[in-house]
Every structure is written in C-alpha cells, then in structure tokens.
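Engineer: Quick one: the structure is below, questions incoming.
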Amino acid sequence: MPFVAEILKHRSLSIVGLEKNTGKTVCLNYVLRRLADMGVRCAVTSIGVDGEQVDAVYGSAKPEVRLYEGMYFTTSEQHYHRRRVVSDIVAVGPARTALGRLVTARVVCGGKALISGAASTPMMQQYMSLYDSLGCRLSIVDGALSRLSPASPTVTEAMILATGAAVSANLAQLIARTRFAYRLISLPEVDEGLRRALSPIAQGLWGVDSDGVPHDLQVASAFLLERSEADLTRFGTTLFAAGAVTDRLLRHLAAHRRVADITLVARDFTKLFASADTVGAFAQRGGQLRVLNRSSLVAICLNPTSPRGYHLHSADACRALSDALGIPVYDVKQCTPPAL
C-alpha cells in the first residue's frame, strides 16, 4: 500500500478506530510487516490493550500483534510475561498500571505479544521520547476501543483511521460516520501567531481580540453558559475552548446573534465531542471551527467484516467511501486500493 511511504515522513504514528473491531490490529500488523521488510527501526505500544487472542466483548478470535527482530515494544509486566517472542528488556518504568509496571524491550527473535501501554497523554509522550533515544525512526501507538486520544498531535504526528462494518452494516450510515470523522480531522489550523498565544492555556473559554491577545471569559464550564449574561464576543469573535467542545457549547454559540462572525478554535480534533447534527447546524449558521494543531491523516483503512456477522463487499465499500471522501480508502487484506 502506498501510504507506508507517507508514514515514513513522520516520527510517530497512531492507529485509531471509529469503533471496536474496525481492524486496527490488522492495520498495525500490515504496517509492522512492511517496516520490517524495509529494515526500519521502530517501536510499538498501545494506549490500552491490543493483541488479545479473543475479543473481550464478542468472544470472537482476534489477530495478535506480530513483532519482528530489532523492533522495540512497551507493554505491561503481566502481558510481558505472556509474550511469545524472545526479547531483551531495556527499561522498566517506575509508574504502575492496573497490569503492573511498563516494560520496554527489544525483539531478538520475532513472535507475537499482547501490547498494553500508558494510560495517559503525559506518560505516552515520555515513551515517545524514550523511543527517540533508542534510535527508532518511527514510534507507533495503537489505540484502544474507539478512543482517539493517541491521534492527538500532542502525542503522534500522523494517524491511520480504521473504519468498517463494525461502525455500521448500512453502507450509507458507515459513509456518514466516516465522513464526519474525516471532516473533523481535516479542520484547518489557525496561524502560527495565534497558536503560540493559545497553546499555553490549559482550561476555560477565551476570547481573542484584534491584536491576537486572549482574554479569559470566566466560563469554567460549558454547563454554566446559560447562566452567564456576559457577551462571549466582547473581546472579539474568535473564541478558544481549551478543553472539550461539546454539543452544549456549539448550540449556545449557534444561537448567538453574531454566530456568522464566530470562529471557535479547539486544541485539536480529539477535543471535539459534538454530534454531526450540532456541528452542521453551527456551520450552517455561519460559525467556523478551527484547531491549534491539525493531525496528519496518512490513510483510512476499511474492515468489511463485523463481529456480529455482517459483511460488506470490500471493493464496493472502499470505492463508495473513496468517492464520498475524495481520498483512497484501503482494505489492507486486498492487494490494491480502489481508483478515484
């Protein structure tokens, strides 16, 4: 698949799914095999648990993570003891998870393993730095369930989005869900000056004046918006939400008398927890969404099979998604992507 060459333009990659069982581990195994063939030194870990043999929800068989000689991986003590790979330990982290401390090791003889990693963004960032110090050209983070946090630009530079029949067996609904996710991932960035001014802000809702200076609007939570009588645009019509952007916030802004002038800035697309209908209504009334940092999407991959037994025709589904999104969509179990 040609997207592997695009991956190598970045130092770190996340693989995340719109739902559980959208084929993240299959994508991961494909990428790892290709990297091994190319002789690329890489490291892999997970924001949760990946590589289990049986799905914890559906009881169905799942692909395990295949590791190759020379790769590094980080997993919990409990899962490290269960590995089926020969490896040398290079680091044991001081922090404890529910499955024990995190063990980082180098693969001596390839095999399969359960991968479970750091549960927080700061911890994950520390492991990204560790992999750099070990000389890894690429660090890979596999997501867990439908969590998109590893795809935040604060964690990884690039991402692969996995979608498929597990999202919906109805092709039209699958396209709609995937297209909305793609829309959020593709939101434009603010300019560099505004990014520098807003990046240090950790919480709250802020207004930005004509000189690019942020002002605290004294709104600690979106739940308090209805009680506030202050004009949110008193400093300017560019607003920054340092935390989550929710339906409640967007509905409030969509009802504002100056909504057509408002630009709402989120930290990145993983902070957007609003529905497609609410985002659409805000945009339809003239409101604009921007992000401080945009994720680099290198591929969208499709798993045509659902654990409930539904199966989409792979070529038709990939082609329909490609037509709707305007980019190739890949089934990594197939040889070639659909032509646009």
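Engineer: Do we have any residue at all in the range 202-210 that's assigned by TED's automatic domain parsing to the domain that holds residue 8 and assigned to a loop (DSSP other than H, G, I, E, B)?
Structural biologist: Within the range 202-210, not a single residue is assigned by TED's automatic domain parsing to the domain that holds residue 8 and assigned to a loop (DSSP other than H, G, I, E, B).
Engineer: Yes or no: residue 161 out of contact with any Cys (no Cβ under 7 Å at 6 or more places or on another chain), outside any helix (DSSP H, G or I) and of a type in the set (A, V, I, L, M, F, W, C)?
Structural biologist: yes
Engineer: Out of the range 39-73, which residues are at pLDDT below 95 and not in a loop (DSSP other than H, G, I, E, B)?
Structural biologist: Result: 45, 46, 49, 50, 54, 61, 65.
Engineer: How many residues are in contact (Cβ under 8 Å) with a residue 24 or more places away in the chain and among the small types (Gly, Ala, Ser) when one looks only at the range 312-330?
Structural biologist: Of the residues in that region, 3 qualify.
Engineer: Check whether at least one residue in the range 227-237 is assigned to a helix (DSSP H, G or I) and more than 22 Å from residue 19 (Cβ to Cβ), and report yes or no.
Structural biologist: yes
Engineer: Scan the range 151-170 residue by residue and report those that are surrounded by 24 or more Cβ atoms within 10 Å (Cβ to Cβ) and of a type in the set (Ser, Thr, Tyr).
Structural biologist: 156, 163, listed by residue number.
Engineer: Within the range 119-136, which residues are over 15 Å from the mean Cα position of the chain (by Cα) and aliphatic (A, V, I, L, M)?
Structural biologist: Result: 123, 128, 130, 134.
Engineer: Of all the residues that make up the range 253-271, how many are in a helix (DSSP H, G or I), crowded, with 19+ Cβ neighbours inside 10 Å and not hydrophobic (A, V, I, L, M, F, W, C)?
Structural biologist: 2
Engineer: Regarding the range 109-132, can at least one residue be identified that is in contact with a Ser or Thr (Cβ under 8 Å, 6 or more places away or on another chain), surrounded by fewer than 19 Cβ atoms within 10 Å (Cβ to Cβ), among the small types (Gly, Ala, Ser) and not in a strand (DSSP E or B)?
Structural biologist: Among the residues of the range 109-132, at least one is in contact with a Ser or Thr (Cβ under 8 Å, 6 or more places away or on another chain), surrounded by fewer than 19 Cβ atoms within 10 Å (Cβ to Cβ), among the small types (Gly, Ala, Ser) and not in a strand (DSSP E or B), which makes the answer yes.
Engineer: Let me ask another. State whether the residues of the range 168-191 include one that is in a strand (DSSP E or B) and modelled with pLDDT of 95 or more.
Structural biologist: yes
Engineer: State all residues of the range 211-226 that are part of a loop (DSSP other than H, G, I, E, B) and at pLDDT 95 or above; if no residue qualifies, say none.
Structural biologist: Scanning the range 211-226 gives 211, 212, 213.
Engineer: Related question: Given the structure, is residue 95 assigned by TED's automatic domain parsing to the domain that holds residue 76, part of a loop (DSSP other than H, G, I, E, B) and over 19 Å from residue 70 (Cβ atoms)?
Structural biologist: no
The values are calculated or read from the model by the stated rules, or taken from the named source; none is laboratory data. Not measured: the values here are computed from a predicted model. Counting neighbours? That spans all protein chains shown, and the Cβs are built from the backbone with ideal geometry, glycine included.
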